[in-house]
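The values are calculated or read from the model by the stated rules, or taken from the named source; none is laboratory data. Every value quoted in this text rests on a predicted model; they were computed, and no experiment measured them. A quick note on method: Cβ atoms are made from the backbone with ideal geometry, for glycine too, and the neighbour counts reach across all protein chains shown. The accessibility values were calculated without ligands, DNA or RNA, using every heavy atom of the protein model including side chains. Shrake-Rupley method; radii C 1.70, N 1.55, O 1.52, S 1.80 Å.
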Amino acid sequence: MAEKLILIRHGALEPEHTGRFVGLSDVCLSAAGRRQAEALGKYFEKPEPVHVLVSPLRRAMETAELALRPSGHSFSVDHELREIDFGDWEKKTFDEISAADPENAARWGRFERDFAFPGGESLQSFTDRVERLAGRVAAHPAQTIVAITHGGVIRFLICHFLGLRPRDYLLFTVDYASISILDLFDGAGVLKRLNDVGHLEENNG
């Protein structure tokens with residue numbers, strides 16, 4: 001069974017996506033995001049054997065390819081690592097959403113499990129998907145699992161393994177190209193590192 005889960009968020013996106021909800025929209029990394037992904041490569045220079053899972057969305061795939069290229073690590077695409085589908089709210093700001101649809105914005109804020117983003121995924125479907133993923137990760141024979149994925153998925157995985165309510169996902173900051181680490185024990189976890197961006201600071205220095 002897996003003993004360690006390393007969660008890596010994809011690199012930064014183009015400035016026009018800043019402050020907007022980007023879920024299943026298949027956008028590319030920005031130039032800054034590609035540099036961040038390359039900086040992640042230092043993390044994989046360690047001899048520790050890892051099994052790497054990657055979201056199928058382009059921004060995660062690009063991050064994985066750039067980060068893993070120097071070490072030659074392979075990876076597997078896992079579709080349950082994809083970000084939540086915001087449907088009609090894709091690429092909109094929260095202010096735009098709350099002005100146009102205040103009732104649904106309030107339901108989302110209350111984290112009503114039967115709430116579904118208009119034209120998109122329900123919170124129940126998303127959390128069920130992440131819980132299935134967590135079960136597969138915990139049961140995997142590799143000692144260390146790396147998941148290169150998205151902010152929402154990372155937050156919910158942390159909540160799941162720490163035994164927190166899914167609505168507590170807002171308690172965690174997960175920046176672009178950050179690393180968070182959980183030690184796993186019998187399907188539960190201990191948060192060992194959160195939102196580590198030290199590798200980016202070293203790269204900038």
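If we scan region 1-8, do we find a residue that is charged (D, E, K, R) and in contact with an Asp or Glu (Cβ under 8 Å, 6 or more places away or on another chain)? Working first, answer last.
Going residue by residue through region 1-8, those that are charged (D, E, K, R) are 3-4.
Subset that is in contact with an Asp or Glu (Cβ under 8 Å, 6 or more places away or on another chain): 3-4.
The answer is yes; a qualifying residue exists.
Test each condition in (1) closer than 25 Å to residue 194 by Cβ; (2) without any contact (Cβ under 8 Å) to a residue 60 or more places away in the chain; (3) among the hydrophobic types (A, V, I, L, M, F, W, C) for residue 75 and report the one that comes out false.
(2)
Within region 165-185, how many residues turn out to be open to solvent by 20 Å² or more (accessible area, probe 1.4 Å), touching a Gly at 6+ places or on another chain (Cβ under 8 Å) and not charged (D, E, K, R)? Full working, then the answer.
Filtering region 165-185 for residues open to solvent by 20 Å² or more (accessible area, probe 1.4 Å) gives 165-173, 175-176, 183, 185.
With the extra rule that they be touching a Gly at 6+ places or on another chain (Cβ under 8 Å), the set shrinks to 169, 176, 183.
Okay, now just the ones that are also not charged (D, E, K, R), so 169, 176.
The number of residues fulfilling the criteria is 2.
Counting only residues that are under 12 Å from residue 53 (Cβ atoms), surrounded by 21 or more Cβ atoms within 10 Å (Cβ to Cβ) and β-branched (Val, Ile, Thr), how many does region 114-159 have?
Total satisfying the criteria: 6.
Can you tell me which condition residue 116 does not meet? The list is (1) without any contact (Cβ under 8 Å) to a residue 60 or more places away in the chain; (2) of a type in the set (Gly, Ala, Ser); (3) out of contact with any Ser or Thr (no Cβ under 7 Å at 6 or more places or on another chain), and all the others hold.
With (1) without any contact (Cβ under 8 Å) to a residue 60 or more places away in the chain; (2) of a type in the set (Gly, Ala, Ser); (3) out of contact with any Ser or Thr (no Cβ under 7 Å at 6 or more places or on another chain) applied to residue 116, the lone miss is (3).
Here is a yes/no grid of residues against (1) surrounded by 19 or more Cβ atoms within 10 Å (Cβ to Cβ); (2) at negative phi:
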| site | (1), (2) |
| --- | --- |
| 18 | no, yes |
| 71 | no, yes |
| 83 | yes, yes |
| 91 | no, no |
| 95 | no, yes |
| 98 | no, yes |
| 112 | no, yes |
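Residues that are touching a strand residue (DSSP E or B) at 6+ places or on another chain (Cβ under 9 Å) and of a type in the set (Lys, Arg): list the helices (runs of 4 or more DSSP H) wholly contained in region 46-116 that include at least 1 such residues.
On the way: elements: 58-68, 94-100, 102-109.
Passing ranges, in order: 58-68.
Residue check, residue 37 against (1) in contact (Cβ under 8 Å) with a residue 60 or more places away in the chain; (2) in contact with a Ser or Thr (Cβ under 6 Å, 6 or more places away or on another chain); (3) within 27 Å of residue 164 (Cα to Cα); (4) not polar (S, T, N, Q), all met but one. Which one?
The number of the failed condition is (3).
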